[in-house]
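Asks: One structure coming up, written as structure tokens, with questions to follow.
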Amino acid sequence: MSDAKMETVIDDQVQSGGPQAQAARQVEELRADVDTIDAAVVAMLAERFRVTHRIGLLKAQAGFASADMRRESAQIAALRDKADDYGLDPDLAEAYLHLVADAAKRDHERLADQANSH
């Protein structure tokens, strides 16, 4: 059976006390670390969007475009390099940047629309 079809319930393995219980306990501990990291990432994303929202307000007030492709290209290159430095797949770093930059641009466009309607 392929890994895609198989499922191991780690909690069950820990409770069983069988030969895989030690590995299951280690997986649980590492999962707790992942949960802590995920919570920190979400907190950082929230802070990032608070800052980009302020940028969007300033852009809307000044009549600037919501997108700055030169900056975005530079950021992609910088994050790809940083990801490589950390041993992270640069494609993942670029996908992250596209995700958050697109969300920020949508917010900036909404703010510009509001500014133009007043």
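The values are calculated or read from the model by the stated rules, or taken from the named source; none is laboratory data. No experiment lies behind these values; they were computed from the predicted model shown. A quick note on method: Cβ atoms are made from the backbone with ideal geometry, for glycine too, and the neighbour counts reach across all protein chains shown. Heavy atoms of the whole protein, side chains included, go into the accessibility calculation; ligands, DNA and RNA do not. Shrake-Rupley method; radii C 1.70, N 1.55, O 1.52, S 1.80 Å.
Asks: So how many residues does the range 1-26 have that are open to solvent by 70 Å² or more (accessible area, probe 1.4 Å) and modelled with pLDDT of 80 or more? Before the answer, list the steps.
Replies: We begin by selecting, within the range 1-26, every residue open to solvent by 70 Å² or more (accessible area, probe 1.4 Å); these are 1, 3-8, 11-12, 15-16, 19-20, 22, 25-26.
So of that shortlist, the ones also modelled with pLDDT of 80 or more come out as 20, 22, 25-26.
Of the residues in that region, 4 qualify.
Asks: State all residues of the range 45-77 that are hydrophobic (A, V, I, L, M, F, W, C), more than 16 Å from the chain's Cα centre (by Cα) and either at positive phi or not in a loop (DSSP other than H, G, I, E, B) (or both); if no residue qualifies, say none.
Replies: Those that are hydrophobic (A, V, I, L, M, F, W, C), more than 16 Å from the chain's Cα centre (by Cα) and either at positive phi or not in a loop (DSSP other than H, G, I, E, B) (or both): Ile55, Leu57, Leu58, Ala60, Ala62, Met69, Ala74, Ala77.
Asks: Now, a different point. Could you list, ordered by first residue, the pairs with Cβ atoms under 7 Å in which the first is in the range 101-118 and more than 11 Å from Thr52 (Cα to Cα) and the second is open to solvent by 80 Å² or more (accessible area, probe 1.4 Å), at least 6 apart or interchain?
Replies: Pairs that qualify, where the first residue is more than 11 Å from Thr52 (Cα to Cα) and the partner is open to solvent by 80 Å² or more (accessible area, probe 1.4 Å), are Ala115/Gln61.
Asks: On to the next question. Modelled with pLDDT of 90 or more and open to solvent by 100 Å² or more (accessible area, probe 1.4 Å): is that true of Glu29 in this structure? Step through it out loud before you land on a result.
Replies: On the way: modelled with pLDDT of 90 or more: yes; open to solvent by 100 Å² or more (accessible area, probe 1.4 Å): yes.
Here the answer is yes, as Glu29 does meet what is asked.
Asks: Of all residues in the range 65-76 being aliphatic (A, V, I, L, M) and surrounded by 12 or more Cβ atoms within 10 Å (Cβ to Cβ), which is modelled with the highest pLDDT?
Replies: Out of the qualifying residues, it is Ile76.
Asks: Report yes if Arg80 is exposed (fewer than 12 other Cβ atoms within 10 Å of the Cβ), more than 16 Å from Val51 (Cβ to Cβ), basic (Lys, Arg) and without any contact (Cβ under 8 Å) to a residue 40 or more places away in the chain, otherwise no.
Replies: Working: exposed (fewer than 12 other Cβ atoms within 10 Å of the Cβ): no; more than 16 Å from Val51 (Cβ to Cβ): yes; basic (Lys, Arg): yes; without any contact (Cβ under 8 Å) to a residue 40 or more places away in the chain: yes.
Criteria not met by Arg80.
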